[in-house]
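Beneath this line is the structure, given in structure tokens, with notes to follow.
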Amino acid sequence: MATLDGKNVLVIATNYGVEQDEIVVPTEQLRERGATVTVAATTSDAIQTLVGDKDPGKTVDVDTTIDGVSAADFDALVVPGGTINADTLRQQSDAVALVSAFVEAGKPVAAICHGPWTLIEAGVLTGKTITSFASLQTDVRNAGAQWVDQEVQVDGNLITSRTPDDLPAFVDAIEQALTA
């Protein structure tokens with residue numbers, strides 16, 4: 001039996017601009033550990049990832065749309081980065097509402113790189129300590145949180161990391177939160 005058997009994880013993204021490894025690695029590794037992972041995007045079209053915010057990466061199949069899911073049906077939420085993805089995602093009311101619903105329910109919310117922009121938009125960072133891509137430091141502080149420079153930061157049900165280099169610790173922290 002895998003450690004995450006019976007756990008349902010939702011990954012949300014836009015259809016363009018997600019940092020390739022920040023969606024592919026958590027999705028694959030959480031599935032390998034036994035979780036059922038659902039990828040939801042703005043539309044049902046495949047997601048075109050990018051590498052380094054500029055070079056085309058893999059495409060990722062979409063299981064459903066963001067407006068077609070409910071936090072009640074999942075045990076955790078993953079918000080990958082990619083500057084274009086994160087900036088677009090934080091402007092989508094359905095995505096922001098999902099983040100709020102997961103946080104309010106006390107379920108793990110894991111955001112990496114620029115993904116915390118959606119947490120900022122959801123207004124869920126007051127009094128929290130998180131990490132992110134370094135350029136978000138001022139945004140994080142302006143949202144009422146403390147920013148730290150480390151590979152993974154867990155504060156309550158929020159799990160955050162900085163870059164694709166932090167993915168091993170990021171995925172391990174998601175697993176730990178789901179088995180706690």
(message) Which pairs turn up if I take residues in the range 38-57 that are within 16 Å of H114 (Cβ to Cβ) and look for partners that are open to solvent by less than 50 Å² (accessible area, probe 1.4 Å) and β-branched (V, I, T) with beta carbon separation below 6 Å, at least 6 apart in sequence or on another chain?
(response) I47/V18; I47/V60; T49/V18; D53/T83; G57/T49
(request) Return yes or no: is S100 among the hydroxyl-bearing types (S, T, Y), at negative phi, open to solvent by 50 Å² or more (accessible area, probe 1.4 Å) and assigned to a helix (DSSP H, G or I)? (result) no
(request) May I ask you to list the residues in the range 36-70 that are open to solvent by 10 Å² or more (accessible area, probe 1.4 Å), in contact with a helix residue (DSSP H, G or I) (Cβ under 8 Å, 6 or more places away or on another chain) and among the small types (G, A, S)? (result) G57, S70
(request) Scan the range 71-97 residue by residue and report those that are outside any helix (DSSP H, G or I) and open to solvent by less than 30 Å² (accessible area, probe 1.4 Å). (result) F74, A76, L77, V78, V79, P80, G81, G82
(message) Among (1) within 20 Å of T163 (Cα to Cα); (2) open to solvent by 40 Å² or more (accessible area, probe 1.4 Å); (3) in contact (Cβ under 8 Å) with a residue 40 or more places away in the chain, there is one condition N8 misses while meeting the rest; what is its number?
(response) (1)
(request) Give the range 135-168 a look and list any residue that's open to solvent by less than 80 Å² (accessible area, probe 1.4 Å) and assigned to a loop (DSSP other than H, G, I, E, B), or say none. (result) A143, G144, A145, V148, Q150, G156, N157, R162, T163
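The values are calculated or read from the model by the stated rules, or taken from the named source; none is laboratory data. Not measured: the values here are computed from a predicted model. Every residue, glycine as well, gets a Cβ built from its backbone with ideal geometry; the counts of neighbours run over all protein chains shown. Accessible surface is based on the protein model in full, side chains and every heavy atom, while ligands, DNA and RNA are left aside. Shrake-Rupley method; radii C 1.70, N 1.55, O 1.52, S 1.80 Å.
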